[in-house]
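Only one structure is covered here, and it is reproduced in the block below.
The values are calculated or read from the model by the stated rules, or taken from the named source; none is laboratory data. It should be emphasised that the depicted structure is a prediction, and the values quoted were computed from it without experimental measurement. In this analysis, Cβ positions are derived from the backbone assuming ideal geometry, glycine residues included, and neighbour counts consider all displayed protein chains. Just so you know, the surface numbers come from the protein's heavy atoms only, side chains and all, with ligands and any DNA or RNA stripped out. Shrake-Rupley method; radii C 1.70, N 1.55, O 1.52, S 1.80 Å.
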Amino acid sequence: MLPPRERWEHRRIPVWTGRGAQGLALFYLSLVVLIPVAALATHAFAHGVGAWWSALTQRESLSALRLTIATAAAGALINTVAGTATAWVLVRDRFVGQSVLNALIDLPFALPTVVAGVTFYTLYGPHSPFHVNMTGTWIGITVAIAFVTLPFNVRAVQPLLESRSFHAEAAAATLGASSARVFRTITLPALAPAILTGAGLAFARALGEYGSVVFISNNLPYRSQVASSYVYSLATSGQVDAAAAVSTGLLVVALVVLASVNIAARRVARSQ
């Protein structure tokens, strides 16, 4: 006779439970994802593909998209290094205040982004107590983006580090390999899928960031106007279809990046 746990695992799950869960998941995804995306696409292509392309390739639009993609990539790159190092410290080291630091990592998720924007404007604006004015610069935008997206990188790498036994690293060190070589040849390849996933999520999140950058960017066209601010200005001026066109451009970039990162992460994982 099977033990109680094994009897439960071998029980047949009713078909209606699986179908009900699938139906609920499909309904929810349709409600919060598919229907809004369909509405966005409807507005974006309301006047045809030519009008969509024209709105997307306006000089101001291209300037905002270039700045957005560049700062999002810079923020993701910074957090790839800083987030991996932070995850390593949280998992491998023990120190006073570690639990507090671990909780603070999720602060950007809980904190309204506009509050972060006001904070950065106060610290690095015209009246900065440090006499460092980053308003209207790509550096200020990148700093704000790095703050908002840091948890993606840390939380992607941290679980993998916690599940590793590090036996291979110990064996390599015993055979005389230096710490740098052990990290480069053993640890880093093992962490690469998680690092790529965190970087992709951070980049995609940064593309649509508004609250944390709206103050420090100054929203200057052709200089410090990010795509989210440009979309907002189009929408408030009654150009809803043009705003939807630029939004779909951001959506396409985010989907392409996420798909590419997922494919690369899977290939790296299989190669190991």
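Brief remarks follow.
- The chain: angle of helix 59-92 to the longest principal axis, Cα-based, in degrees nearest 10: 20 degrees
- Degrees, to the nearest 10: 138-163 long Cα axis against longest axis of the chain: 20 degrees
- Annotation for Arg66 and Phe45: the two label points, set 7 Å from Cα along the Cα-Cβ direction, are 2.8 nm apart.
- Summed residue charge, Cβ within 10 Å of Ala227's Cβ, Lys/Arg positive, Asp/Glu negative: 0
- Å² per residue, accessible surface of the chain at 1.4 Å: 59 Å²
- Selected from Gln98, Pro189, Leu34, residue furthest toward positive end of dipole (the chain; charges at beta carbon): Pro189
- Cα long-axis angle, helix 240-271 against the chain (0 to 90 degrees, to the nearest 10): 20 degrees
- Rough spin-label spacing in nm, given labels placed 7 Å along Cα→Cβ, for Val252 and Phe183: 4.1 nm
- Under a model in which nothing but the beta-carbon of Lys, Arg (+1) and Asp, Glu (-1) is charged, the chain shows a dipole of about 780 debye around its Cα centre.
- Student exercise, the stretch 165-272 dipole from Lys, Arg, Asp, Glu Cβ charges, in Debye to nearest 20: 380 debye
- Residue-averaged [θ]222 nm for the chain, counting only DSSP H segments that reach four residues, each worth -39500 (n - 2.57): -23500 deg cm²/dmol
- Taking other residues whose beta carbon is less than 13 angstrom from the beta carbon of Arg66, and scoring Lys, Arg as +1 and Asp, Glu as -1, yields +1.
- Distance (nanometres) between label positions extended 7 Å along Cα→Cβ at His127 and Ala168: 5.5 nm
- The magnitude of the dipole of the stretch 105-230, with charges of +1 and -1 set on the Cβ of Lys/Arg and Asp/Glu and taken from the Cα centre, is near 220 debye.
- Per-pair calculated FRET efficiency, R0 = 45 Å: Trp138 and Ala38 via Cβ, rounded to 0.05: 0.85
- The stretch 223-242 and the stretch 128-174: distance between their alpha carbon centers, rounded to Å: 30 Å
- Projected over every direction and averaged, the convex hull enclosing the alpha-carbon atoms of the chain yields 22.0 nm².
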